[in-house]
Amino acid sequence: DLLHIEGVGPKKVKLFYDQLQITTLDELKAAAQAGKLRQLSGMGAKSEAKILAGIETLARLQTDRTPLGEAWPIAQAILAELADLPGVTQHAVGGSLRRMRETIGDIDLLVAAADAAPVMDHFVQMPQVESVVGHGPTKSRVVLQNGMGVDLRVLPATHWGTLLSYFTGSKAHNVRLRELAQKQGLSLNEYAFTYPDGREIICATEEEVYQTLGLPYIPPALREDRGEIEAAQQGTLPFLIQAGDIVADLHMHTTWSDGRLSVLEMAQAARAQGLQYIAITDHSVSLGIANGLSVERLWQQAAEVRAANEALGPDFRIFHGTEMEIRADGALDYPDDVLAQLDFVIAALHVSLRQPREQVTARVLAAVNNPHVDMLAHPTGRLLPDRLGADLDMDQILLAAARTGTIVEINANPRRLDLQDSYVRRALELGVPLAINTDAHHSDEFALRHYGIATAQRGWATAARVVNAWSLDRFRQHIHHN
Ligand code: DGT
Ligand code: CA
Ligand code: CA
């Protein structure tokens, strides 16, 4: 097992065994975390950190699902190559990736082309392909060097609607679609609807597929058989929040803590992207590892935010906030008189996530119930794929948030996506105001927003319920009154 770690050969395995009696990955990880490897001859802090990173990569490769944030860019890169091939008229991701699930089993790619052969040939010969599992006229499958499987299906553009619908899934959603088809005496597959006598209904668009079934178009994020078919039948599908609805980002970091750009640089980048207001929310004092702000530095930062607001003028607004630690003992990191002077107070868990359910839930409840706390960020603190979040009684927390008007965040960073989709849905049922924030440490990370929007969509969120879609006045009113 140890030999599978990048940079570890037989000599090192022998060294670890002779010196530290290490025989398993877990023991090696523990030794690295305890700083014991760096003390061995020929090793140092750097090689120790490399081994730790190697163990984490290996762990990720061994789980059979890949985080959305890793699969998405890989799929987009392959798709862009295929899109440029001669004869390709349509291209899309399908499967769980199109539905934007938080983890992806394999990548499904869909292409419309008059002649599939050149597309398939290109696909199986891509440099990142490790092995070719199948290479056929309509369907090919490869495994990439990173271990991910990729399916590609190609049909003529005339069949694009059924192709897309069939391979977007989910399986459960498709079962319901086929049942509806059967009621009309039709069978349904990726090629067409078919009558018993062989006549076909060919669909070039997904809209036509749903229309044939007597349904309005159902967005991919909803296709999980979680009530979307019934809602479609009753005409009560939600108008899901879209990227164009977002005018604000309420969670980001600057060089004052662990961010990479200044207050003004972050604000300028946000404004350039069309946002109307942001909150600057650097870490609080006890998070020393992230250079959290003392109260003194917090007031210095307030002056910088004021100056940036003056520089940017009246059509953009920066709120001076904090991402305040909920400490292990449940206390908040700044006293109430400090919080009262801030524009926007986020509370968040980063430490002692493994406390028993009651204890960690009580910490979060205390924060939500504090009248100065405006928002709870990434509630569970999970990190995909392998760091589990706190064992929270989420229903209690969402009930408290609904009662106090505390905003609950959908953190858009694809390692977090926290709230997760099922809790988004519950939060909406309970009347909790939601936010979709990037938690950016550099303006480049504003680009992660789409993962958060997709997670909100998977939870059936509409723009009315997401504060980032509210006007500046409405947002101001909300945080003043709650
Ligand atoms: P994943 O890959 O585990 O994250 O999840 P999906 O949803 O991407 O599943 P996948 O890759 O097995 O198949 C992609 C879509 O193709 C799936 O959502 C529905 C459709 N599909 C695949 N296999 C079957 C099947 O045996 N029957 C039906 N009806 N649909 C299938
Ligand atoms: Ca898949
Ligand atoms: Ca697949």
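The values are calculated or read from the model by the stated rules, or taken from the named source; none is laboratory data. It should be emphasised that the depicted structure is a prediction, and the values quoted were computed from it without experimental measurement. Don't worry about glycine lacking a Cβ; one is built from the backbone with ideal geometry, like all the others, and counts go over all protein chains shown. Please note that ligands, DNA and RNA were not included when accessible areas were found on the heavy atoms of the full protein model with its side chains. Shrake-Rupley method; radii C 1.70, N 1.55, O 1.52, S 1.80 Å.
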>> For the range 398-435, give me each residue that is closer than 13 Å to THR455 by Cβ, among the hydrophobic types (A, V, I, L, M, F, W, C) and outside any loop (DSSP other than H, G, I, E, B).
In response: VAL408, ILE410, VAL424, ALA427, LEU428, LEU434, ALA435
>> Quick check on my filter: what residues within the range 1-26 are surrounded by 15 or more Cβ atoms within 10 Å (Cβ to Cβ) and under 28 Å from PRO385 (Cα atoms)?
In response: LEU2, ILE5, VAL8, LYS12, VAL13, PHE16, ILE22, LEU25
>> If I ask for residues that are surrounded by fewer than 21 Cβ atoms within 10 Å (Cβ to Cβ) and either without any contact (Cβ under 8 Å) to a residue 60 or more places away in the chain or in a helix (DSSP H, G or I) (or both), which ones from the range 262-285 would you list?
In response: SER262, LEU264, GLU265, GLN268, ALA269, ARG271, ALA272, GLY274, LEU275, VAL285
> Does the range 333-352 contain any residue that is part of a helix (DSSP H, G or I), in contact (Cβ under 8 Å) with a residue 40 or more places away in the chain and open to solvent by less than 50 Å² (accessible area, probe 1.4 Å)?
Replying inline: yes
> Which one is most open to solvent (accessible area, probe 1.4 Å), of the residues in the range 61-117 that are within 12 Å of ligand 1 (Cβ to nearest atom) and in a helix (DSSP H, G or I)?
Replying inline: ARG98
>> Please go through the range 129-181 and give me each residue that is free of Cβ contacts under 8 Å to residues at least 12 places away in the same chain, in a strand (DSSP E or B), open to solvent by 40 Å² or more (accessible area, probe 1.4 Å) and away from ligand 2 (no atom under 13 Å from the Cβ), ordered by number.
In response: VAL132
> Hey, any hits in the range 182-199 for a residue that's open to solvent by less than 60 Å² (accessible area, probe 1.4 Å), at negative phi and within 16 Å of ligand 2 (Cβ to nearest atom)?
Replying inline: yes
>> Need pairs with beta-carbon distance below 6 Å; first residue polar (S, T, N, Q) and within the range 90-106, second away from ligand 3 (no atom under 13 Å from the Cβ) and outside any loop (DSSP other than H, G, I, E, B); sequence gap 6+ or separate chains.
In response: GLN90/ALA112; GLN90/ALA157; GLN90/TRP160; THR103/PRO67
